[in-house]
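See structure below.
The values are calculated or read from the model by the stated rules, or taken from the named source; none is laboratory data. Predicted model only: the values in this text are computed from it and were never measured. All Cβ positions, even for glycine, are placed from backbone atoms using ideal geometry, and neighbour counts span all protein chains on display. Just so you know, the surface numbers come from the protein's heavy atoms only, side chains and all, with ligands and any DNA or RNA stripped out. Shrake-Rupley method; radii C 1.70, N 1.55, O 1.52, S 1.80 Å.
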Amino acid sequence: MAGWFALPREWISSFGEIAKFSGKILGQVYSLRVLHFFGETLRQCGVLILGSTLVIWGLVFIVGLQCGIEGAYFTRAQGAPAYAGVFAAWCDLREIVPYGFGYMMSAKVGTGIVAELGSMRISDEIDALEVMGIDSVLFLCATRLLASWLVLPFMYMAAVGAGFFASYLAVVQQIGEVSSGGFSLIFWMFQNPPDLLYSVIKGMVMATAIVLVGCYYGYHAGGGPVGVGTATAKSMVMNIVLVHLIGMLGTQVFWGANPRAPIGG
């Protein structure tokens, strides 16, 4: 029985440590101290753009195809194939694109941060930074968070476009029961600019959490290469859980009380 009670206590303790560490990083960014290492921030921006953009867009394109296909066959089964755009609009913008973005951020960016910082920790590179008088959290973690804030909103909005295009291809070109104009009419009728803003907020909250968790587990890794692997696995589990929690809460907050569906009188 003691083991069952020890596990939740360990989770709560870890959550508190992550929150404290994340607050320190956020404070360094908001105080603009991170601008002392703006060159490193730009380098991290380049790493994100070159290393993750096509992977994220590729995954979102695939799930956009999935939204279009499911929407087309679902509305056909209900006898209203012209309304496939409704399913595609809501599926892409509100749910699938944020989740796909969060999954790939967790698998590609979050684990990459843990592996990089963890290898620096076990090879004493982080200690060397401290010996040289450089704030290692500021140089290694705050710069990565600022880089994600500079790059990822644009990457995310482009990913939304990739998902929209994929759904159009699936519904209009592949299945072909709806004309291009008919699909576009219904598709744009069931979304508006605030929906895009809320979707971007969901995606960026996910990205922020993923970067902070990755920085925590990478910075505090120990135990040699095995310890780095363990920290990477823990960060992946934590980030996947956070992606779903943020996605659920975001949907409830932004669309739970008012789905903004142009249906009825």
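Miscellaneous remarks
- Taking each residue of the range 133-154 that is under 12 Å from Val29 (Cα atoms) and modelled with pLDDT of 95 or more and looking for partners that are open to solvent by less than 30 Å² (accessible area, probe 1.4 Å) and outside any helix (DSSP H, G or I) with beta-carbon atoms closer than 8 Å, six or more apart or interchain, yields nothing.
- Contact map, the range 42-69: residues that are within 19 Å of Ala89 (Cβ to Cβ) and open to solvent by 20 Å² or more (accessible area, probe 1.4 Å) paired with residues that are of a type in the set (Val, Ile, Thr) and modelled with pLDDT under 95, Cβ distance under 6 Å, separation 6+ or inter-chain. Pairs shown: Val63/Ile96.
- If you go through the range 223-245 and pick out every residue that is open to solvent by less than 30 Å² (accessible area, probe 1.4 Å) and either of a type outside the set (S, T, N, Q) or touching a strand residue (DSSP E or B) at 6+ places or on another chain (Cβ under 7 Å) (or both), you end up with 5.
- Check on Glu130, open to solvent by 70 Å² or more (accessible area, probe 1.4 Å), of a type outside the set (S, T, N, Q) and free of Cβ contacts under 8 Å to residues at least 24 places away in the same chain: yes
- Extreme residue, farthest from the chain's Cα centre (by Cα), among residues of the range 24-37 that are without any contact (Cβ under 8 Å) to a residue 12 or more places away in the chain and part of a helix (DSSP H, G or I): Leu35
- Residue under evaluation Arg94, criteria (1) open to solvent by 30 Å² or more (accessible area, probe 1.4 Å); (2) part of a helix (DSSP H, G or I), criterion not met: (1)
- If you go through the range 70-119 and keep only what is closer than 23 Å to Leu242 by Cβ, in contact (Cβ under 8 Å) with a residue 60 or more places away in the chain and basic (Lys, Arg), you end up with just Arg94.
- Filtering the range 103-112 for residues that are polar (S, T, N, Q), open to solvent by 50 Å² or more (accessible area, probe 1.4 Å), in a helix (DSSP H, G or I) and farther than 20 Å from Leu42 by Cβ leaves an empty set.
- Breaking point among (1) open to solvent by less than 70 Å² (accessible area, probe 1.4 Å); (2) touching a residue at least 24 places away in the same chain (Cβ under 8 Å), for His220: (1)
- Of the helices (runs of 4 or more DSSP H) entirely within the range 149-265, those holding at least 1 residues that are under 17 Å from the mean Cα position of the chain (by Cα) occupy 193-219, 224-255.
- Boolean, Phe139 is open to solvent by 40 Å² or more (accessible area, probe 1.4 Å) and of a type in the set (A, V, I, L, M, F, W, C): yes
- Filter result (among the acidic types (Asp, Glu) and part of a helix (DSSP H, G or I)) within the range 127-148: Asp127, Glu130
- Annotation note: of Leu169, Leu152, Leu197, Leu146, the sole residue that is closer than 30 Å to Val34 by Cβ, of a type outside the set (Lys, Arg) and surrounded by fewer than 22 Cβ atoms within 10 Å (Cβ to Cβ) is Leu197.
- The set of residues from the range 246-265 being open to solvent by less than 60 Å² (accessible area, probe 1.4 Å) and among the β-branched types (Val, Ile, Thr) comprises Ile246, Thr251.
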